[in-house]
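Every number in this text was worked out from the coordinates using simple rules, so none of it is lab data. All figures in this text were calculated on a predicted structure; none of them were measured in a lab. Backbone-built Cβ (ideal geometry, glycine too); neighbour counts: all protein chains shown.
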Amino acid sequence: MTSPEPSTPTRPSDPADGALYDAIAVEHATIYGYGIVSAHSNPEDNYLVSKSMAEHRDRREAGLAKLEERSIAGPLPAAGYQLPMQVDTPTDAAKLAVRMEEDAAVAWRAVVEQATTEQDRAFGVAALTQCAVAAARWTQVLGTKPVTVAFPGGNE
């Protein structure tokens, strides 16, 4: 029998799996957001949009594969997402990109903190690092300082 609505996967109760699940959900939202960033960015920043979006897609797919190896259904992307700010200009687009990278860094830092295997911890550290580098690049586009923070994904 078919259901009128797809079933939504349940977030895993295990802290490590739950953190990975949450990080993948953030990746879905970030990929969506980069569509908005792309539509409003200056043409000279398109390379950065493409690079950032590709990194997030690769991370999402790798994270989904990790969950699948554990027989855990990954989170589904939403049909749309509420943006944290109005985006009408290239400056707004760059600010949204920084915000998304910072939010993704928070999610991947949680993966690092909850990881129970060396592989998951290494995957989380790599993801956290990529998010921090992307945030720094977008901060340079904005021309603001400091370009980066000492401990990405946290409020230290």
For the range 5-47, shape from the Cα gyration tensor axes a ≥ b ≥ c, cut at a/c of 1.5 then a/b versus b/c, turns out oblate
Around Pro84 (Cβ within 9 Å, Cβ-to-Cβ, excluding Pro84; K/R +1, D/E -1) the net charge comes to 0
The chain -> Rg/Rh from Cα coords, Kirkwood Rh, value 1.00
Computed for the chain: size of charge dipole around the Cα centre, +1 on C-beta of each Lys and Arg, -1 on C-beta of each Asp and Glu, debye to nearest 20, value 220 debye
In degrees rounded to 10, the 0-90 angle between helix 46-69 Cα long axis and the longest Cα principal axis of the chain is 10 degrees
Per-residue ellipticity at 222 nm attributable to helices in the chain (runs of n ≥ 4 DSSP H, -39500 (n - 2.57) apiece, nearest 500 deg cm²/dmol) works out to -22500 deg cm²/dmol
FRET efficiency (Ala78, Lys51; Cβ distance; R0 25 Å; to 0.05) is 0.55
Each label sits 7 Å from Cα toward the beta-carbon; between Glu68 and Gln140 the label points are separated, in nm, by 3.5 nm
When Tyr47, Tyr34, Tyr81 are ranked with the fewest other C-beta atoms within 10 Å first, the list becomes Tyr47, Tyr81, Tyr34
Using eta = 1.567 mPa s and T = 4 °C, Stokes-Einstein with Kirkwood Rh from Cα pairs puts D for the range 52-98, in µm² s⁻¹, at 100 µm²/s
Restricting to lysines and to Cα separations under 22 Å from Lys145, and discarding same-chain partners fewer than 8 apart, the set is Lys95
